[in-house]
Amino acid sequence: MIIGIVAALREEIKPLLSLLGHVTRPGRPDKWPVILGFSKHQLILSVCGFGKVNAAIAAQELIISHGVECLINIGTATAVNKQLDIGDIVVSKKFIQHDFDAIPITSRLGEIPMDVTFDETGIPELITTRDFAADHTKINDVITSSEHCRFVDIESRYPRVVSGNFVSGDQLVKSSDKMEWLRVEFEAYCVDMESAAIAQVCAKYDLPFLGIRVISDKGHERSLYDVLHYVDPACENLARLIICYITHDEELTDEQLFSWRF
């Protein structure tokens, strides 16, 4: 299978590249995408930059130019669900663009006009989508894979892996009021700036999509220094989970898998 993997930042995908045996050269710019063979798959790894437009461009390029058969968005996210802590990993259930507002054309925030159809009398009907669902089978496979994955502790805690809703917008969410609104309005677990845009592109092309994000902060509670401090170990765990997921249907023992890669 040809699997596309997209992250916003090089730092978020670097641990995965390292586990896959790809050597980056200090002082030289990376060329994206990076194409690697791993197990029985071809992996197309790309860094898109911040925001929904950059993410959508990268996703469309991987689909059209490289023929990926599924897409995975990885990276860090801000916790919205109060039960999440630094280092916990969230697997997407559905994706919503929290900053999309087409009211009164649509009835709800986050609802996106996708198409217009006409009935027999010529009356137009607007087709809208708010929730872009992740591939249900892949969600279960990732959760199952996590049970056999060896993670590193974050702040003396072993990370949990849960599934929940992702919300995305072209803004950094900092206020507790906005966090509460995201919890109530969208039942969000975490917030980022890219995943829902990639989900929309994948829906357009009828392509399986999955988001896997690791919690790096709780919004207003931590400074930029604190957030960056946890990126490396958090994304190391994320990379380990990706490896476990990709090889989950192969006949490998835990000892074989981890002596081989970790």
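Readers should treat all values here as calculations from the given coordinates under stated rules, not as data from a laboratory. The model shown is predicted, which means the values in this text are computed figures rather than measured ones. All Cβ positions, glycine included, derive from the backbone under ideal geometry; neighbour counts span all protein chains shown.
Using the Kirkwood radius built from alpha carbon pairs, what does the Stokes-Einstein equation give as D for the chain at 10 °C and 1.306 mPa s, in µm² per second?
My calculation gives 84 µm²/s for D.
Step through the table entries LYS93/LYS204; LYS52/LYS204; LYS14/LYS174, compare each Cα-Cα distance with 20 Å, and write down the pairs that go over it.
LYS14/LYS174
Would you kindly enumerate the cysteines in the chain that have no other Cys beta-carbon under 4.7 Å from their beta-carbon?
CYS48, CYS70, CYS190, CYS202, CYS235
What is the projected area of the convex hull of the Cα atoms of region 1-152, averaged over all directions, in nm²?
12.9 nm²
Averaging sequence separations of C-alpha pairs under 8 Å and six or more residues apart, then dividing by the length of the chain, give the relative contact order as a whole percent.
Contact order relative to length: 28 percent.
So for region 72-261, taking the charge dipole from beta-carbon charges (+1 Lys/Arg, -1 Asp/Glu), which of CYS244, CYS190, SER92 sits furthest toward the positive end?
The one lying farthest along the dipole's positive direction is CYS190.
I'd like the GluC sites (Glu not before Pro) in region 6-111 restricted to DSSP loop residues with at most 15 other Cβ atoms within 10 Å, sorted by number.
The qualifying sites are GLU69.
Starting with the fewest neighbours, write out ASP217, ASP115, ASP206, ASP85 ranked by other beta-carbon atoms found within 10 Å of each beta-carbon.
So the residues, fewest neighbours to most, are ASP206, ASP115, ASP85, ASP217.
Select from region 1-103 those chymotrypsin sites (Phe, Trp or Tyr not before Pro) which occupy a DSSP coil region and have at most 16 other Cβ atoms within 10 Å, ordered by residue number.
In loop regions of region 1-103 (DSSP not H, G, I, E or B), the sparsely surrounded chymotrypsin sites (Phe, Trp or Tyr not before Pro) are PHE50.
Please report, in debye to the nearest 20, how large the charge dipole of the chain is about its Cα centre when each Lys and Arg carries +1 at its beta carbon and each Asp and Glu carries -1 there.
Roughly 720 debye, rounded to the nearest 20.
What length, rounded to one decimal in nm, is gained on full extension from ARG108 through to SER65, with 0.36 nm per residue of separation minus their alpha-carbon distance?
Here the segment from ARG108 to SER65 would lengthen by 12.0 nm.
Between ASP131 and ASP206, what is the label-point separation in nm under the 7 Å Cα-to-beta-carbon projection?
Here the answer is 2.3 nm between the modelled labels.
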